[in-house]
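The values are calculated or read from the model by the stated rules, or taken from the named source; none is laboratory data. All values reported here derive from a predicted model rather than from experimental measurement. Counting neighbours? That spans all protein chains shown, and the Cβs are built from the backbone with ideal geometry, glycine included. Protein only, heavy atoms only, side chains kept; ligands, DNA and RNA dropped before computing areas. Shrake-Rupley method; radii C 1.70, N 1.55, O 1.52, S 1.80 Å.
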Amino acid sequence: MAKASMRGFIKGFTLIEMMIVLVILIIVIAIVVPALSGARNRAKQVVTLQLHTSLGSASAQYELSERRLPGYFSPADMGAVANETQGLSNMENIVLDLAGGVTTAGATGAIMVGPSPTNQVPVRIDQIDAPVQVKGVTHKGYWVPDKKNFVAMTGQIGTAEHITLPDVVDAFGNPMLVWVQDESPATTANFAAQNSTTPARFFWAGNACFLNSGKLGKSEANQVSESMLSLGNGPPQLVQTMTALLGNPAFPKASVTPDAPSASRGKLVFHSAGPDGVFMSSKDRGGKVAGGFGMGVQYRANKDVMNDFDDVVTWVAN
């Protein structure tokens, strides 16, 4: 009797009912998987923001102590035309001040790094964040890098020496950019420029080593063909997009059309590409609003254009 009842139950489980169960499972998966992915990305964004905060605090302490922004080479030096191919990043440059590593000429194991072949300094990678003895007192740097967030970056464009330098890596496994304001008196002619042959507040060349990459970091993202900050997007569009990124939305120039900033977000702007690994991707909403690759992102007074990108951006105030 029990066997007959079971056969009746199996026969009663129709193809339509099985299809309904399958559809329900697909719907549940379609809802749950993106939610889990979104939660992971939000967690990584929080960790990335914490890394930004750590570097921002260390930079502020350095400036208070040394009376200048961190960076062994000046913003104008980092913005040199030569650095577009030399490939020393702004972040690598400020780490030399925040965590050390600069050594004496001819030191064993030293490599020569700098924004041009004629403007270099010897650095020992194993001495970055190493304790330094000064008159019997052990001094540590302003910032202590975590090994998991401080590694040489795959896809960096530049000399072999610069490629071997460790980079600050965000929670998504991609390099962090830092935009450093040139505070010298003769830099007010332009808000942003490709390199320091044109005086400006910010220069692109200090981040060229990452923005020129066709396969960068853990995401293996193609900055050249997707980033609104890529040189491939066109120099005029590049400068326009930098201005939109680095200009403070709350401080537009009066009676200027189109809108233009009168102040920057900050003297140091920390910038991570976010989940997609592309800095200001042309595929993000902001890129689509701007017209996609080959166009520039327009600065908007009282509207932060970065809200339309998945990038993570923080800054040290002026």
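Does ASN83 qualify as being surrounded by 16 or more Cβ atoms within 10 Å (Cβ to Cβ) and out of contact with any Pro (no Cβ under 8 Å at 6 or more places or on another chain)?
No.
For every residue, the table says whether it meets (1) hydrophobic (A, V, I, L, M, F, W, C); (2) at positive phi.
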{"residue": "ASN195", "(1), (2)": "no, no"}
{"residue": "TRP204", "(1), (2)": "yes, no"}
{"residue": "GLY214", "(1), (2)": "no, no"}
{"residue": "GLN223", "(1), (2)": "no, no"}
{"residue": "GLY234", "(1), (2)": "no, yes"}
{"residue": "LEU246", "(1), (2)": "yes, no"}
{"residue": "THR257", "(1), (2)": "no, no"}
{"residue": "VAL269", "(1), (2)": "yes, no"}
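Just one of the numbered conditions (1) open to solvent by 10 Å² or more (accessible area, probe 1.4 Å); (2) more than 27 Å from VAL151 (Cα to Cα); (3) hydrophobic (A, V, I, L, M, F, W, C); (4) at pLDDT 95 or above is not true of PHE203; which one?
So PHE203 meets the others, but not (2).
Hey, could you check region 91-112 for residues that are open to solvent by 10 Å² or more (accessible area, probe 1.4 Å) and in contact with a Gly (Cβ under 7 Å, 6 or more places away or on another chain) and say which is nearest to ASP129 (Cα to Cα)?
GLY100
Residues in region 67-84 that are out of contact with any strand residue (DSSP E or B) (no Cβ under 7 Å at 6 or more places or on another chain) and touching a residue at least 12 places away in the same chain (Cβ under 8 Å): how many?
Qualifying residue count for the region: 5.
Filter the strands (runs of 3 or more DSSP E) completely within region 116-170 down to those with at least 2 residues that are crowded, with 17+ Cβ neighbours inside 10 Å and either under 16 Å from the mean Cα position of the chain (by Cα) or modelled with pLDDT of 95 or more (or both).
Once the strands (runs of 3 or more DSSP E) in region 116-170 are filtered for at least 2 residues that are crowded, with 17+ Cβ neighbours inside 10 Å and either under 16 Å from the mean Cα position of the chain (by Cα) or modelled with pLDDT of 95 or more (or both), what remains is 119-123.
For the structure I just gave you, tell me whether THR48 is in a helix (DSSP H, G or I), surrounded by fewer than 13 Cβ atoms within 10 Å (Cβ to Cβ) and modelled with pLDDT of 95 or more.
no
Hey, does region 60-72 have a residue that's surrounded by fewer than 19 Cβ atoms within 10 Å (Cβ to Cβ) and under 14 Å from CYS209 (Cβ atoms)?
For region 60-72, residues surrounded by fewer than 19 Cβ atoms within 10 Å (Cβ to Cβ) and under 14 Å from CYS209 (Cβ atoms): absent.
What single numbered condition from (1) under 24 Å from VAL169 (Cβ atoms); (2) open to solvent by 10 Å² or more (accessible area, probe 1.4 Å) fails to hold for GLY234?
Among (1) under 24 Å from VAL169 (Cβ atoms); (2) open to solvent by 10 Å² or more (accessible area, probe 1.4 Å), the lone unmet condition for GLY234 is (1).
Quick check on this structure: which one of SER264, SER225 is under 26 Å from ALA152 (Cβ atoms) and either open to solvent by less than 20 Å² (accessible area, probe 1.4 Å) or touching a helix residue (DSSP H, G or I) at 6+ places or on another chain (Cβ under 8 Å) (or both)?
SER225
Name the residues in region 147-165 that are closer than 18 Å to LEU211 by Cβ and in contact (Cβ under 8 Å) with a residue 60 or more places away in the chain, would you?
Residues satisfying the conditions are MET153, THR154, GLY155, GLN156, ILE157, GLY158, THR159, HIS162, ILE163, LEU165.
This table checks each residue for (1) among the basic types (Lys, Arg); (2) in contact with a His (Cβ under 7 Å, 6 or more places away or on another chain); (3) open to solvent by less than 20 Å² (accessible area, probe 1.4 Å).
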| residue | (1), (2), (3) |
| --- | --- |
| VAL278 | no, no, yes |
| LYS283 | yes, no, no |
| GLY287 | no, no, yes |
| ASN302 | no, no, no |
| MET306 | no, no, yes |
| THR314 | no, yes, no |
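Just give me the residues in region 174-208 being of a type outside the set (Gly, Ala, Ser), in contact with a Lys or Arg (Cβ under 7 Å, 6 or more places away or on another chain) and assigned to a strand (DSSP E or B), in sequence order.
PHE191, the sole residue that qualifies.
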